[in-house]
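A quick write-up on the structure given underneath.
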Amino acid sequence: MKRFAAALFALCLSGLAAAHSFQLGSIHIGHPWSRAMPLASPTGGVYLSLENQGKGADRLLSASTPRAASAELHTHVNDNGVMRMRKVEGGVEIAPGQTVKFAPGSYHVMLVGLKQPLKAGDRFPLTLNFEKAGSIVVDVVVQDGMPAESHSH
Ligand SMILES: [Cu+2]
């Protein structure tokens, strides 16, 4: 397990400034990142993209990280003109050929009970559990703003 983590870290160091991505079966996980938060903030959000390159639907069921007491799947819904966060029940479906973007104002992995503030430049592991593809530990990069690639959509 330790060796696995070290290998992942080395992989990511090589692309420190660029986008990084992970592959788990037919699921491609693009650039997991988290926005730097003020020191006192007990919560934070993780954003990434999930592309299903397979022939069958899959579903992100849950996430966890040693960095926070819990990690919840959230989305934003328009409640009479007010955007509110909602916990996603039953996971986030990714249809074959589809890319689901987790981005500010939309789907996100909510970190609740942060054990350390999210400082720009930090990296931390996040475990993603899929219904079909299984589980993977991805490396989340903490940065001040949205990555450049997110602006083009
Ligand atoms: Cu949230």
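The values are calculated or read from the model by the stated rules, or taken from the named source; none is laboratory data. Values in this document were obtained by computation on a predicted structure and should not be read as measured data. Neighbour counts are summed over all protein chains in view; Cβ atoms, including those assigned to glycine, are modelled from backbone coordinates with ideal geometry. Please note that ligands, DNA and RNA were not included when accessible areas were found on the heavy atoms of the full protein model with its side chains. Shrake-Rupley method; radii C 1.70, N 1.55, O 1.52, S 1.80 Å.
Observations on the model:
- Restricted to region 64-153, the set of strands (runs of 3 or more DSSP E) holding at least 3 residues that are of a type outside the set (Lys, Arg), farther than 15 Å from Glu51 by Cα and more than 16 Å from the ligand (Cβ to nearest atom) comprises 123-130, 134-143.
- Test: residue in region 31-41 that is open to solvent by 20 Å² or more (accessible area, probe 1.4 Å), modelled with pLDDT of 95 or more and hydroxyl-bearing (Ser, Thr, Tyr): no
- Put simply, of Val142, Val46, Val109 the only residue that is in contact (Cβ under 8 Å) with a residue 40 or more places away in the chain, farther than 21 Å from Gly25 by Cβ and open to solvent by less than 20 Å² (accessible area, probe 1.4 Å) is Val142.
- Residues in region 66-84 include at least one that is under 22 Å from Pro147 (Cα atoms), of a type outside the set (Asp, Glu), open to solvent by 40 Å² or more (accessible area, probe 1.4 Å) and over 15 Å from the mean Cα position of the chain (by Cα).
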